[in-house]
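Participant: This is the structure I want to talk about, given as structure tokens.
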Amino acid sequence: MSRRAVVIGAGLAGMLAAAVLSGAGVDEVIVLDRDELPDGPEHRRGLPQGRHAHLLMAGGANALEELMPAAHLRKRLLAAGAHEISLAHGMLALTSEGWLRRWRLEGPSMITCSRALLDWVVRSAVLDQAPGVRIRKAAVIGLTGSLDRVTGVRLATPGGDTDLPADFVVDAGGRGTRVVGWLDALGLSGVRERTVDAGLVNATRIYRVPEGAGRFPLTVVQPNPYASRPGRSAMVMPIEGDRWLVSCGGTRGGEPPADPDGFLRYMLALPDPIVGRLVSGAEPLTDVHLSRSTSNVRRYLEKAPHWPEGLTVIGDALGTFNPAYGQGMSVAAFGARALARELGRAELTAPGLGRRVLRGAARAVHAAWSSAISQDVHYPGVRGGRPGTADRVVGAYARRMMRAATGSYPAARAVWDVTSMRTPAVRMFRPDTVLAVLAGSPLPPSTEPPLTRSERELLRRLDRTGR
């Protein structure tokens, strides 16, 4: 008997879900998206954060390889111009507790490129390797079926609303999903939602990499959530096409401007002006793009007292996070991995499949959510949350850990393992990690960025600010 699955959303979560469904033997997988998808690595309207910095952490990259081993997605991305950056020695990072040192020892890596390139590479790989998958431009306006079973989706078409039947529906519609309202229309009401909004505004501009600067480390000045003032940050990271993506972020009261001169002044006014100095003489290739779609939003669908068969939800449709923490793409991959795991145990129409996938995806969402809001609640003017006793205790421990990580390799390794999403946050509380945190840094704090001599000379040559 022929089986059909419908996936709402052709972003990263949706395309990975489509690959999983096709690989599990589903005859027809239809991916629905509002946007006309580009033929190449180009920005599209449906991704409000698409122009800004995206980091594919080691945990997420490993999940991609696990989901589509034959596609060799890491190799495809690197061949298309993406960069692989070691957290141990390929990055300059000023944290709230000082500069992280660079170690000759190995650590986890992350992949940097434009979001448009990553989506295009994954989408192309899925369509190449999964012949049963096809993408259709359509606006989903509801679910069909009943409280007991979803039987498909309702589409808005020029000729009127039409129903598309399906044996299974995956909502990977992202931050803008309307799944809570759709479920309410079926009779499932009372789903709890929570928003924690620090008012972050992202401002991003792309530059041509100056001559000789192609190997300069990814450089980031991180915000400080514990300083009782708005968080301000900046990053310059390499992307495909010999370009730098330069992104600033500021929480409520400290937002970056959109005009080019103000953009540069903002970077130079940070606790260390290194990002502004780097790009002060670089050739800009775009205008400054702003985005305010940055709040943390959690939909506790997995806690609903009843769940209809034939439906699951993954990715940003289940929870979205402040993009400053670089978690979204990895969490999307983890949701698709939860789908793959359950389809490896049961057939598409097995009772309870959708709910088991939902609960599996929610575990990764919960971990990322907890990490994001534990910092965002400390910013002035945050809406939807205030730091409680537990937040203050965790915050104090996190600060002490980061202080140790500025000069302790064991502490730094624990931070990398957690931030790269290779291990759960409980890694921070392992006995060996706690001992490293209590011992602190054996090295004095570094007041200057840990540059090599050649990098220092290059920074001096690139700097047009006279500093």
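Participant: If you take the residues of the range 98-110 that are in contact with a Ser or Thr (Cβ under 6 Å, 6 or more places away or on another chain) and more than 12 Å from residue 413 (Cβ to Cβ), which of them is surrounded by the most Cβ atoms within 10 Å (Cβ to Cβ)?
Facilitator: Of everything passing the filter in the range 98-110, 109 is surrounded by the most Cβ atoms within 10 Å (Cβ to Cβ).
Participant: Considering only residues of the range 333-373 that are outside any helix (DSSP H, G or I) and touching a residue at least 12 places away in the same chain (Cβ under 8 Å), which is farthest from residue 16 (Cα to Cα)? Full working, then the answer.
Facilitator: From the range 333-373, those outside any helix (DSSP H, G or I) are 344-352; that's our starting set.
Checking the rest, the ones that are also touching a residue at least 12 places away in the same chain (Cβ under 8 Å) come to 344, 348-349, 351-352.
Details: 344: 15, 348: 16, 349: 20, 351: 23, 352: 21 Å.
Among those residues, the one meeting the criterion is 351.
Participant: Looking at 82, 88, which one is in contact with a Phe, Trp or Tyr (Cβ under 7 Å, 6 or more places away or on another chain) and closer than 30 Å to residue 234 by Cβ? If you could, list the steps in order and put the result at the bottom.
Facilitator: Numbers: 82 fails: in contact with a Phe, Trp or Tyr (Cβ under 7 Å, 6 or more places away or on another chain).
Only one candidate passes the filter, namely 88.
Participant: State all residues of the range 116-151 that are closer than 30 Å to residue 69 by Cα and part of a strand (DSSP E or B); if no residue qualifies, say none.
Facilitator: Within the range 116-151, 133, 134, 135, 136, 137 meet the criteria.
Participant: Tell me which residues, restricted to the range 91-103, are closer than 26 Å to residue 65 by Cβ and at pLDDT below 95.
Facilitator: 103
Participant: Kindly indicate whether residue 63 is buried (at least 24 other Cβ atoms within 10 Å of the Cβ) and of a type in the set (Gly, Ala, Ser). Don't jump to the end; show me each part of the working.
Facilitator: Working: buried (at least 24 other Cβ atoms within 10 Å of the Cβ): yes; of a type in the set (Gly, Ala, Ser): yes.
Considered against the rule, which asks whether it is buried (at least 24 other Cβ atoms within 10 Å of the Cβ) and of a type in the set (Gly, Ala, Ser), residue 63 comes out as yes.
Participant: Out of all the residues in the range 236-254, which are among the charged types (D, E, K, R) and in contact (Cβ under 8 Å) with a residue 60 or more places away in the chain? Let's see the steps before the verdict.
Facilitator: In the first step, residues of the range 236-254 are kept if they are among the charged types (D, E, K, R); the result is 240, 242-243, 252.
Across the range 236-254, the qualifying residues are 240, 252.
Participant: Let me ask something additional. Residues in the range 418-428: is at least one within 23 Å of the chain's Cα centre (by Cα), crowded, with 17+ Cβ neighbours inside 10 Å and farther than 24 Å from residue 91 by Cβ?
Facilitator: No - not one qualifying residue is present in the range 418-428.
Participant: Restricting to the range 28-48, and then to whatever is among the hydrophobic types (A, V, I, L, M, F, W, C) and part of a loop (DSSP other than H, G, I, E, B), can you tell me which residue is nearest to residue 124 (Cα to Cα)? Quick ask: steps written out before the conclusion?
Facilitator: Applying the first criterion (among the hydrophobic types (A, V, I, L, M, F, W, C)) to the range 28-48 yields 29-32, 37, 47.
If we keep only those that are part of a loop (DSSP other than H, G, I, E, B) too, we end up with 37, 47.
Values: 37: 11, 47: 18 Å.
Checking each candidate, the answer is 37.
Participant: Tell me, which residue of the range 347-382 that is among the hydroxyl-bearing types (Ser, Thr, Tyr) and within 15 Å of the chain's Cα centre (by Cα) is farthest from residue 304 (Cα to Cα)? I'd like the intermediate steps shown before the answer.
Facilitator: First pass over the range 347-382, keeping only residues among the hydroxyl-bearing types (Ser, Thr, Tyr): 349, 370-371, 374, 379.
Of the ones still in play, those that are also within 15 Å of the chain's Cα centre (by Cα) are 370-371.
Working: 370: 20, 371: 23 Å.
If we take residues in the range 347-382 being among the hydroxyl-bearing types (Ser, Thr, Tyr) and within 15 Å of the chain's Cα centre (by Cα), then 371 is farthest from residue 304 (Cα to Cα).
Participant: So, one more: Go through (1) assigned to a loop (DSSP other than H, G, I, E, B); (2) surrounded by fewer than 18 Cβ atoms within 10 Å (Cβ to Cβ) one by one and return the number of the condition residue 216 breaks.
Facilitator: Condition not satisfied by residue 216: (2).
Participant: Hey, among the residues in the range 150-198 that are in contact with a Gly (Cβ under 7 Å, 6 or more places away or on another chain) and surrounded by fewer than 18 Cβ atoms within 10 Å (Cβ to Cβ), which one's nearest to residue 292 (Cα to Cα)?
Facilitator: It comes out as 195.
Participant: Anything in the range 441-454 that is modelled with pLDDT of 95 or more and either of a type in the set (Lys, Arg) or over 29 Å from the mean Cα position of the chain (by Cα) (or both)? List them, or say none.
Facilitator: 452, 453, 454
Participant: Also: List pairs: first residue in the range 203-231 and touching a residue at least 40 places away in the same chain (Cβ under 8 Å) and of a type in the set (A, V, I, L, M), second residue in a loop (DSSP other than H, G, I, E, B) and crowded, with 18+ Cβ neighbours inside 10 Å anywhere in the structure, Cβ distance under 6 angstrom, at least six positions apart or on different chains.
Facilitator: 203/256; 203/288; 221/270; 221/272
Participant: Same structure again: If I filter the range 37-57 down to residues being out of contact with any strand residue (DSSP E or B) (no Cβ under 6 Å at 6 or more places or on another chain) and either buried (at least 24 other Cβ atoms within 10 Å of the Cβ) or of a type in the set (D, E, K, R) (or both), which single residue comes out as modelled with the lowest pLDDT? Walk me through how you get there before you give the answer.
Facilitator: Kept after step one, since they are out of contact with any strand residue (DSSP E or B) (no Cβ under 6 Å at 6 or more places or on another chain), are these residues of the range 37-57: 37-47, 50, 54.
When the remaining residues are screened for being either buried (at least 24 other Cβ atoms within 10 Å of the Cβ) or of a type in the set (D, E, K, R) (or both), the result is 39, 42, 44-45, 54.
Working: 39: 89, 42: 90, 44: 84, 45: 78, 54: 89.
For the range 37-57, the residue satisfying everything is 45.
The values are calculated or read from the model by the stated rules, or taken from the named source; none is laboratory data. What you see is a predicted model, and the numbers here were worked out from it, not measured in a lab. Note that each Cβ is placed from the backbone with ideal geometry, even for glycine, and that neighbours are counted across all protein chains shown.
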